[in-house]
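Working notes, structure below.
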Amino acid sequence: MVRNIRYLIYLKDIFILSLTTFGGATAHFAFFLDHLVYKRGYLTEKELIEMNALCQMLPGPSSTQILTGLATKIGGAPFAFLTLFVWVIPGVALMTAFGIIMSNIDENQLSTHFLTFVQPIAVGFVAAAAYRIVKKVIRSKTSVILLVISAAISVWINSPYLFPVLILVGGFITAFKYKSQPIEEKEKIKIRWTALIIWISVLVLIAVIGLFTQSLPIRLLENFYRNGSLIFGGGQVLIPFLYTEFVDFKDYLSSSEFLSGFAIAQAIPGPTFSFASYIGALSMREYGVWGEILGGFLAAVGIFVPGTLMMIFLIRFWDQLKKFRIIKASLEGITAVSSGMVVAAIFLLFEPVQANLLNFSLIIGTLAILLFTKIPAPYVVLIGLLAGFLFG
């Protein structure tokens, strides 16, 4: 009974996050820090940073993988998929609906002015997260140096393919300090291969079925499943992959439709990967509304399931792996580099924000509210949205 109540509370928290988190994976991390760590205590700051770093080394939607990885630890693989459903359903439903609308009206009628104040608020969230992280986990000169270098490289180069390399290098550097780590009693690592086998088997199966049947729904599922298995770096990296495949190569939608949908995707809460449902819906427009709904659903399954399966596979032996001194020592570098990426995100997210007094005030005001008041984070976002509707 107590366990079931705990599951329900977690799912309620995830649903709240699915409706109130804006700004992509990096900004989501700030919301997770506030809600899952400080408010609920599901895990510590260090554990969240470690999980975030682990997700950066995997393909797929990193914020989704954090939530499903935590759900796996709480209630196993079935609970992880239930969490995935609760987390993605609002964004997927909205983007599928926008796809249906876009196939029937002039895209110029859609406006995202109500998002005017949300982006600088998101920058304030990331700044607050960066401050808290640095204060909590950076405790040595080596960590400081790695953080600064990581932040500088992330801003300067800003390539998602560099992120896993930086994390591995940071871990490698501090791994040499393993002798300073206490010896822990280690258990034999038990690797359960089921999730990995399912991931690979599904990829091969739908590719073969799609090749022989040439069924558009199956081919769409394969296309998105393949992209979900290969893309590192979050939702922003998804864009060039999807544009090349579905606009340039397959011509399922126009460039104008693609860009309009991407603008809308920035205006809704939840995972940025939900944008795939918009493309899936438009790709199936010749089948009518029910075909578009099916396209949105298949795109969501394809883009989210591979990363979830990989996270379920790894998270089951991650705690055992961390008991090895060399792994434990490497976590100092991994968390320092990951923290540097969060610091870099402040500058990267600020780039598209207009540099004016209002936006600076919103960033500083959000930072102050999060650090010095007990106002819940979702309320800050909702106030920003309301102000956007009224004055945007």
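Details
- Cβ charges +1 (Lys, Arg) and -1 (Asp, Glu), total dipole of the range 253-348, debye: 600
- Note on the range 225-362: with neighbouring protein chains present and a 1.4 Å probe, carbon and sulfur make up 69 percent of its accessible heavy-atom surface.
- The range 198-329: Cα Rg divided by the 2.2 N^0.38 Å rule of thumb: 1.20
- Taking every DSSP helix (H) stretch of at least 4 residues in the chain, weighting each as -39,500 (n - 2.57) and dividing the sum by the residue count yields a mean residue ellipticity at 222 nm of -24500 deg cm²/dmol.
- Each label was represented as a point 7 Å from its Cα along the Cα-to-Cβ direction; for ILE183 and TYR38 these points are 4.1 nm apart.
- Site pair PHE172 and LEU358 shows an inter-label distance of 4.8 nm when each label is modelled 7 Å from Cα along Cα→Cβ.
- Potential extension, LYS136-ILE157 segment - 0.36 nm per residue separation minus Cα distance: 4.9 nm
- Magnitude of the charge dipole, the chain, Cβ model with Lys/Arg +1 and Asp/Glu -1, debye to 20: 1940
- When each of the peptides 206-214, 286-294 is scored by how many other beta carbons lie within 10 Å of its residues on average, the order from highest to lowest is 286-294, 206-214.
- Summed over the residues of the chain and divided among them, the accessible surface reaches 46 Å² per residue at a probe radius of 1.4 Å.
- By average C-beta atoms within 10 angstrom, highest first, the peptides 166-179, 38-51: 166-179, 38-51
- Pairs from LYS12/LYS135; LYS39/LYS136; LYS136/LYS177; LYS46/LYS322; LYS12/LYS73 whose Cα-Cα separation, in the structure shown, is over 23 Å: LYS12/LYS135
- Average projection area in nm² (convex hull over Cα atoms of the range 268-369, one quarter of hull surface): 10.7
- Convex hull volume per residue in cubic angstrom - Cα atoms of the chain: 152
- In order along the range 299-314, the phi-based Karplus estimate (6.51 cos²θ - 1.76 cosθ + 1.60, θ = phi - 60°) of 3J(HN,Hα) comes to 5, 5, 4, x, 7, 9, 5, x, x, 5, 4, 5, 5, 4, 4, 7 Hz; Gly and Pro are listed as x.
- Full-stretch length increase - LEU230, GLN214 - with 0.36 nm per residue and alpha-carbon distance subtracted: 3.5 nm
- Beyond 19 Å, the tail of the calculated P(r) for the range 3-68 holds 28 percent of the Cα pairs.
- Taking 7 Å steps out from each Cα toward its Cβ at PHE317 and TYR287 produces label points 3.9 nm apart.
- Taking 0.36 nm per residue of separation and subtracting the current Cα-Cα distance, fully stretching the chain between GLU351 and LEU382 would add 8.9 nm.
The values are calculated or read from the model by the stated rules, or taken from the named source; none is laboratory data. If you're wondering where the values come from, they're calculated on a predicted model, not measured in any experiment. Heads up, the Cβs are rebuilt from the backbone with ideal geometry, glycines too, and the neighbour counts pull from every protein chain shown. Heads up: the accessible areas ignore ligands, DNA and RNA and are worked out on the full protein's heavy atoms, side chains in. Shrake-Rupley method; radii C 1.70, N 1.55, O 1.52, S 1.80 Å.
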